[in-house]
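The values are calculated or read from the model by the stated rules, or taken from the named source; none is laboratory data. Here the structure is a predicted model, which is why all the values come from computation and not from measurement. Here Cβ is always computed from backbone atoms with ideal geometry, including for glycine, and neighbour counts include all displayed protein chains. These accessible areas exclude ligands, DNA and RNA; they are computed on the full protein's heavy atoms, side chains included. Shrake-Rupley method; radii C 1.70, N 1.55, O 1.52, S 1.80 Å.
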Amino acid sequence: MVEERRILYEHLDVPDINTFDVFRQYDGYTRFEKAIAEYQPDDIAKMVMDSGLKGRGGAGFSTGLKWSFVPRDIKPCYLCCNADESEPGTFSNRYVLEKNPHLLIEGILICCYAMGIETTYVYIRGEFTLGKRMLDAAIKEAYEKGYLGKDVRGTGLNIDIYTHPGAGAYICGEETGLIESLEGKRGQPRNKPPFPAVEGVFSKPTVVQNVETLCNLPFIVGNGVEWYTKMGPTYADTREDPPKADPNTGTKLYCISGDVNEPGVYELELGLTCTELIEVAGGLRGEEVKAVIPGGSSAPILTHYELDTRLDFTSLTLAKSMLGSGGIIVMNETRNIVDCLLNIMKFYAHESCGQCTPCRWGTPWVRDIVQRIADGEGRQDTITRPKFGVTESGRWGDTGETEEIYEDLDLLESVANNIANVDTMTWNTICVFGIAVSWPAVSYMRKFRPEFEAAIREGKLVTLPVAEATVPPEENYAYQQRFIPKEFADL
Amino acid sequence: MSDERIQIETPFAFNEENQREFDELIGRYPVKEAAMLPTLHLAQRQAGYITPAVMKYVAKLLEVTVMKVKDVVTFYPMFFEEPVGEYVIRVCHTLPCALRDCKVVLDHLKAKLETDIASETNLAKGTTADGKFTLMKVECLASCDVAPVIMINDDLYKNLTPEKVDEILDNLDNL
């Protein structure tokens, strides 16, 4: 059994940890004081780079690398803390904001010191009224105690933190959507480049970081890089010679929900397997795992054959899925995958910002196709059509054979792949929302195809037994291509 | 329709408390337009919903066109352009809540309040006749571990069952 490794959440349940005095008793702000007393700003940036910290918001991009793109000579530079947690299945930031807001403030202070930033906006989800209230109160206290404002602790640093409420749009969690929204416009993402690190909010260099990423900073500074890198696996990228280290260091706040006995947030070292996580969360509610969504609803689904996949950034990417924001949703044998996909597609059809045509139109189309299948009105007739492929003469053409296809399933895949192609990983949209739509649509359909076919054939939703509903590994496109990375020490 | 529009056009201005809050807000941003979302939240709290008069007022405060304010208001689901009930009930219906039977809660609320579910373009559909409640479905409220959840105005209610919903609504009446 894997043990919980509480670092960010260590003092979460201490009564009144949201007040300055109690937070102070538990080493609060000492890490920031250590940073300004012992290190130069560049040292901190180097520590973060060496720690291998990857952004916890979804993309898993190296935080140190992101910071290195920020031009140091253009001022002012802004920090935007992304607290717009709206990915279905993710709820770890909410607890930090509601219970331990001073930890976030300390993380922000360290980031501001390292990057020479004076103004921070915390973009907080409109629905997080309690979280915003708690954070506002904590910020007020920090101003009173001299940790924010002009000349912080006599160091000459000026640091301000402001909270900025969102208003219920999922797309504002995307970094450029967040920036647009912060500027008082519709939250429609921008083209990249220019990246926010160069030209972000108010056309100035901007560092956008998730709450969880910033909360890691005090511990990296306080306990040192060596302590931090001991947690979680470091893989070797053998495509390069000599093999390049690919760190998945630190802990992750895994949010587990759905069919488990004890849903909640578990802080664990990166790199445990799906099966282990379900065990930590009190075991499965039900008989058998049917499917697991590993990283929020945008992530491609995992079948019960893939439960040995390790839940870290590299392993999941190589398994053709993603860790994303760490929102794990477990489904047992009673769940119907068509129904689950319908729910998720309704979400995306509602949340598409409407900027790019493939997404604005394609997402409702995907929803409508899944709805049609779920209603039992999926195109029932299987069409017999010439099978195209490599012919005897070695050319592409009519092979003379015929194949049976389900028209709606082909249509579903075609529409989804035209929003964003999951095989080539190219998207026809400005932001990655496109891929967040087609990833679940295509992966659910390909991995649980028998259930989709049954729904069309029978004219109603049919929940098949797990073994029958799942495509076997030899036909599973992702399983075929998946690659289990080796830990660096092993090589 | 046109008559209703004229009735809505009662002029709007911040009360003293909100004006103070606004003055503090506006100093946070290098450009005034950036204060749009917090200002609209303030205005909605005071007026109940965003009327054309509110949009005009906000546009004037932030030195942008009214169209720009309308643009923003129509984009974000948390801003209402129609009157809503005293209590706005938001029921989460995204996958983790759906796996924990949010539909039972939703159906129970529908039956108890004798109302339909509001859509974004027709809030009146989900508002009770006495104007006390507005029932709407929302996407993930980021509390999937305690699903199913609902939000009533600013408060989150967790691990719901029809009995718990009854209890919560009864207590609202007592407040």
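Out of segment A:178-229, which residues are of a type in the set (S, T, N, Q) and either over 23 Å from the mean Cα position of the chain (by Cα) or not in a helix (DSSP H, G or I) (or both)?
Taking segment A:178-229 as the starting set, the residues that turn out to be of a type in the set (S, T, N, Q) are A:181, A:188, A:191, A:203, A:206, A:209-210, A:213, A:216, A:223, A:229.
Selection gives A:GLN188, A:ASN191, A:SER203, A:THR206, A:GLN209, A:ASN210, A:ASN223.
Conditions (1) at pLDDT below 95; (2) within 22 Å of A:ILE110 (Cα to Cα); (3) of a type in the set (Asp, Glu); (4) open to solvent by 60 Å² or more (accessible area, probe 1.4 Å), marked per residue:
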{"residue": "A:GLY200", "(1), (2), (3), (4)": "yes, yes, no, no"}
{"residue": "A:VAL207", "(1), (2), (3), (4)": "no, yes, no, no"}
{"residue": "A:THR213", "(1), (2), (3), (4)": "no, yes, no, no"}
{"residue": "A:PRO218", "(1), (2), (3), (4)": "no, yes, no, no"}
{"residue": "A:VAL221", "(1), (2), (3), (4)": "no, yes, no, no"}
{"residue": "A:MET231", "(1), (2), (3), (4)": "yes, yes, no, no"}
{"residue": "A:TYR235", "(1), (2), (3), (4)": "yes, no, no, no"}
{"residue": "A:ARG239", "(1), (2), (3), (4)": "yes, no, no, yes"}
{"residue": "A:ASN248", "(1), (2), (3), (4)": "yes, yes, no, no"}
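Residues that are part of a loop (DSSP other than H, G, I, E, B) and closer than 25 Å to A:GLY296 by Cα: does segment B:80-95 have at least one?
So in segment B:80-95, the residues part of a loop (DSSP other than H, G, I, E, B) come out as B:80-86, B:93-94.
In the following step, the residues that additionally are closer than 25 Å to A:GLY296 by Cα were identified as B:93-94.
Checked against the condition, which is being part of a loop (DSSP other than H, G, I, E, B) and closer than 25 Å to A:GLY296 by Cα, segment B:80-95 yields at least one hit.
Regarding A:SER352, is this residue assigned by TED's automatic domain parsing to the domain that holds A:ARG367 and touching a Phe, Trp or Tyr at 6+ places or on another chain (Cβ under 8 Å)? Break it down into steps so the answer makes sense when it comes.
Working: assigned by TED's automatic domain parsing to the domain that holds A:ARG367: yes; touching a Phe, Trp or Tyr at 6+ places or on another chain (Cβ under 8 Å): yes.
Taking the combined requirement at face value, the residue satisfies it.
What are the residues in segment A:136-173 that are in a helix (DSSP H, G or I) and within 14 Å of another protein chain (Cβ to nearest Cβ), if any? Steps first, answer last, please.
First, the residues of segment A:136-173 that are in a helix (DSSP H, G or I): A:136-144, A:152-154, A:170-173.
Residues satisfying the conditions are A:ASP136, A:ILE139, A:LYS140, A:TYR143, A:TYR170, A:ILE171, A:CYS172, A:GLY173.
With the structure loaded, tell me whether A:SER315 is at pLDDT below 95, over 13 Å from the mean Cα position of the chain (by Cα), away from chain B (no Cβ under 12 Å) and open to solvent by less than 20 Å² (accessible area, probe 1.4 Å) or whether it fails that test. Steps first, answer last, please.
Details: at pLDDT below 95: yes; over 13 Å from the mean Cα position of the chain (by Cα): yes; away from chain B (no Cβ under 12 Å): yes; open to solvent by less than 20 Å² (accessible area, probe 1.4 Å): yes.
Answer is yes for this residue.
Considering segment A:153-173 alone, what residues qualify as being more than 19 Å from B:GLU139 (Cβ to Cβ), buried (at least 20 other Cβ atoms within 10 Å of the Cβ) and either out of contact with any strand residue (DSSP E or B) (no Cβ under 8 Å at 6 or more places or on another chain) or hydrophobic (A, V, I, L, M, F, W, C) (or both)? Even if it seems obvious, please write down each step before you answer.
Our first condition is that a residue be more than 19 Å from B:GLU139 (Cβ to Cβ); within segment A:153-173, this holds for A:153-164.
So of that shortlist, the ones also buried (at least 20 other Cβ atoms within 10 Å of the Cβ) come out as A:159, A:161, A:163-164.
A:ILE159, A:ILE161 - these are the residues of segment A:153-173 that are more than 19 Å from B:GLU139 (Cβ to Cβ), buried (at least 20 other Cβ atoms within 10 Å of the Cβ) and either out of contact with any strand residue (DSSP E or B) (no Cβ under 8 Å at 6 or more places or on another chain) or hydrophobic (A, V, I, L, M, F, W, C) (or both).
Criterion first (without any contact (Cβ under 8 Å) to a residue 24 or more places away in the chain and open to solvent by 10 Å² or more (accessible area, probe 1.4 Å)) does B:ASP166 satisfy it? Before the answer, list the steps.
On the way: without any contact (Cβ under 8 Å) to a residue 24 or more places away in the chain: no; open to solvent by 10 Å² or more (accessible area, probe 1.4 Å): yes.
In short, no.
Among the listed residues A:VAL48, A:VAL22, A:VAL14, identify the single one that is under 17 Å from A:LEU214 (Cα atoms) and surrounded by 14 or more Cβ atoms within 10 Å (Cβ to Cβ). If you could, list the steps in order and put the result at the bottom.
Working: A:VAL22 fails: under 17 Å from A:LEU214 (Cα atoms); A:VAL14 fails: under 17 Å from A:LEU214 (Cα atoms).
Among A:VAL48, A:VAL22, A:VAL14, only A:VAL48 is under 17 Å from A:LEU214 (Cα atoms) and surrounded by 14 or more Cβ atoms within 10 Å (Cβ to Cβ).
Which members of segment A:458-485 meet the condition of being assigned to a helix (DSSP H, G or I) and surrounded by 15 or more Cβ atoms within 10 Å (Cβ to Cβ)? Show your work before the answer.
If we filter segment A:458-485 for residues that are assigned to a helix (DSSP H, G or I), which is where we start, we get A:458, A:466-469, A:473-475, A:477-481.
Scanning segment A:458-485 gives A:VAL466, A:ALA469, A:TYR477, A:ALA478, A:TYR479.
Can you give me the number of residues within segment A:352-364 that are surrounded by fewer than 20 Cβ atoms within 10 Å (Cβ to Cβ), in a helix (DSSP H, G or I) and not β-branched (Val, Ile, Thr)?
Step one: list which residues in segment A:352-364 are surrounded by fewer than 20 Cβ atoms within 10 Å (Cβ to Cβ), which gives A:354-355, A:357-358, A:360-361, A:364.
If we keep only those that are in a helix (DSSP H, G or I) too, we end up with A:357-358, A:360-361, A:364.
Narrowing further to those that are not β-branched (Val, Ile, Thr): A:358, A:360-361, A:364.
Of the residues in that region, 4 qualify.
Might you let me know whether segment A:431-445 holds any residue that is more than 24 Å from the chain's Cα centre (by Cα) and either open to solvent by 10 Å² or more (accessible area, probe 1.4 Å) or outside the structural domain of A:GLN188 (by TED's automatic domain parsing) (or both)? Spell out how you get there, then give the answer.
Restricting attention to segment A:431-445, the residues satisfying the condition of being more than 24 Å from the chain's Cα centre (by Cα) are none.
No, segment A:431-445 has no match at all.
Counting just the residues of segment A:250-263 that are open to solvent by 10 Å² or more (accessible area, probe 1.4 Å) and of a type outside the set (Asp, Glu), which one comes out farthest from A:VAL48 (Cα to Cα)? Show your work before the answer.
Of segment A:250-263, the ones open to solvent by 10 Å² or more (accessible area, probe 1.4 Å) are A:261-263.
Filter once more, keeping what is of a type outside the set (Asp, Glu): A:261, A:263.
Numbers: A:ASN261: 36, A:PRO263: 31 Å.
Taking the candidates together, the pick is A:ASN261.
Name the single residue, out of those in segment A:78-92 being open to solvent by 10 Å² or more (accessible area, probe 1.4 Å) and part of a strand (DSSP E or B), that is farthest from the other protein chains (Cβ to nearest Cβ).
For segment A:78-92, the residue satisfying everything is A:ASN82.
With more than 13 Å from A:VAL207 (Cα to Cα) and within 14 Å of another protein chain (Cβ to nearest Cβ) as the only criterion, which of A:ARG24, A:ARG56, A:ARG125, A:ARG31 stands out? Steps first, please.
Details: A:ARG24 fails: within 14 Å of another protein chain (Cβ to nearest Cβ); A:ARG56 fails: within 14 Å of another protein chain (Cβ to nearest Cβ); A:ARG31 fails: within 14 Å of another protein chain (Cβ to nearest Cβ).
So the residue among A:ARG24, A:ARG56, A:ARG125, A:ARG31 that is more than 13 Å from A:VAL207 (Cα to Cα) and within 14 Å of another protein chain (Cβ to nearest Cβ) is A:ARG125.
Here is a list: A:GLY116, A:GLY107. Which entry is closer than 26 Å to A:TYR39 by Cα and modelled with pLDDT under 95? Quick ask: steps written out before the conclusion?
Numbers: A:GLY107 fails: modelled with pLDDT under 95.
Only one candidate passes the filter, namely A:GLY116.
Here is a check on your reading of the model: is B:LEU109 assigned by TED's automatic domain parsing to the domain that holds B:ALA34, surrounded by 13 or more Cβ atoms within 10 Å (Cβ to Cβ) and over 30 Å from A:ALA291 (Cα atoms)? Break it down stepwise before answering.
On the way: assigned by TED's automatic domain parsing to the domain that holds B:ALA34: no; surrounded by 13 or more Cβ atoms within 10 Å (Cβ to Cβ): yes; over 30 Å from A:ALA291 (Cα atoms): yes.
So B:LEU109 fails the test.
I'd like to check something: does segment A:44-52 contain any residue that is in a loop (DSSP other than H, G, I, E, B) and more than 14 Å from chain B (Cβ to nearest Cβ)? Steps first, please.
If we filter segment A:44-52 for residues that are in a loop (DSSP other than H, G, I, E, B), which is where we start, we get A:52.
Adding the requirement that they be more than 14 Å from chain B (Cβ to nearest Cβ) leaves A:52.
Yes, segment A:44-52 has at least one match.
Among the listed residues A:ASP27, A:ASP21, which satisfies the condition of being within 17 Å of A:GLU141 (Cα to Cα) and not in a loop (DSSP other than H, G, I, E, B)? Break it down into steps so the answer makes sense when it comes.
Details: A:ASP27 fails: not in a loop (DSSP other than H, G, I, E, B).
Being within 17 Å of A:GLU141 (Cα to Cα) and not in a loop (DSSP other than H, G, I, E, B) holds for just one of A:ASP27, A:ASP21, which is A:ASP21.
Could you please find all residues in segment B:137-162 being under 9 Å from B:CYS92 (Cα atoms), more than 7 Å from chain A (Cβ to nearest Cβ) and aliphatic (A, V, I, L, M)?
Passing the criteria: B:VAL138, B:VAL149, B:ILE150.
Please specify each residue of segment A:399-439 satisfying the condition of being polar (S, T, N, Q), under 25 Å from A:GLU453 (Cβ atoms) and at pLDDT 90 or above.
Taking segment A:399-439 and keeping what is polar (S, T, N, Q), we get A:399, A:402, A:414, A:417-418, A:421, A:424, A:426, A:428-429, A:438.
Checking which are under 25 Å from A:GLU453 (Cβ atoms) leaves us with A:399, A:402, A:414, A:417-418, A:421, A:438.
Selection gives A:SER414, A:ASN417, A:ASN418, A:ASN421, A:SER438.
Could you list, in sequence order, all residues of segment A:245-265 that are assigned to a strand (DSSP E or B) and farther than 10 Å from A:GLY326 by Cβ? Spell out how you get there, then give the answer.
Of the residues in segment A:245-265, the ones assigned to a strand (DSSP E or B) are A:245-247, A:251-258, A:260, A:264-265.
Passing the criteria: A:ALA245, A:ASP246, A:PRO247, A:THR251, A:SER257, A:GLY258, A:VAL260, A:GLY264.
Mind checking whether some residue in segment A:452-461 is at pLDDT below 90, among the hydrophobic types (A, V, I, L, M, F, W, C), outside the structural domain of A:MET331 (by TED's automatic domain parsing) and in contact with a strand residue (DSSP E or B) (Cβ under 9 Å, 6 or more places away or on another chain)?
no
Of everything in segment A:318-330, what is open to solvent by 10 Å² or more (accessible area, probe 1.4 Å), in a loop (DSSP other than H, G, I, E, B) and away from every other protein chain (no Cβ under 14 Å)? Give them in sequence order.
If we filter segment A:318-330 for residues that are open to solvent by 10 Å² or more (accessible area, probe 1.4 Å), which is where we start, we get A:318, A:320, A:322, A:325.
So of that shortlist, the ones also in a loop (DSSP other than H, G, I, E, B) come out as A:320, A:322, A:325.
If the condition is that a residue be open to solvent by 10 Å² or more (accessible area, probe 1.4 Å), in a loop (DSSP other than H, G, I, E, B) and away from every other protein chain (no Cβ under 14 Å), then A:LYS320, A:MET322 are the ones that fit.
Name the pairs whose Cβ atoms lie under 6 Å apart, with the first residue in segment A:114-129 and farther than 16 Å from B:ALA34 by Cβ, the second charged (D, E, K, R) and surrounded by fewer than 24 Cβ atoms within 10 Å (Cβ to Cβ), and 6 or more positions between them or separate chains?
Note: pairs meeting the criteria are A:THR129/B:ASP154.
Filter segment B:33-45 down to residues that are more than 9 Å from every other protein chain (Cβ to nearest Cβ) and open to solvent by 10 Å² or more (accessible area, probe 1.4 Å), then give me how many there are.
Within segment B:33-45, the subset more than 9 Å from every other protein chain (Cβ to nearest Cβ) is B:42-45.
Still in the list and also open to solvent by 10 Å² or more (accessible area, probe 1.4 Å): B:44-45.
Adding up the residues that qualify gives 2.
Filter segment B:46-68 for residues that are in a helix (DSSP H, G or I) and within 11 Å of another protein chain (Cβ to nearest Cβ); which is surrounded by the most Cβ atoms within 10 Å (Cβ to Cβ)? Show your work before the answer.
Taking segment B:46-68 as the starting set, the residues that turn out to be in a helix (DSSP H, G or I) are B:46-47, B:52-62, B:66-68.
Okay, now just the ones that are also within 11 Å of another protein chain (Cβ to nearest Cβ), so B:58, B:62, B:68.
Values: B:VAL58: 25, B:LEU62: 22, B:LYS68: 18.
Of everything passing the filter in segment B:46-68, B:VAL58 is surrounded by the most Cβ atoms within 10 Å (Cβ to Cβ).
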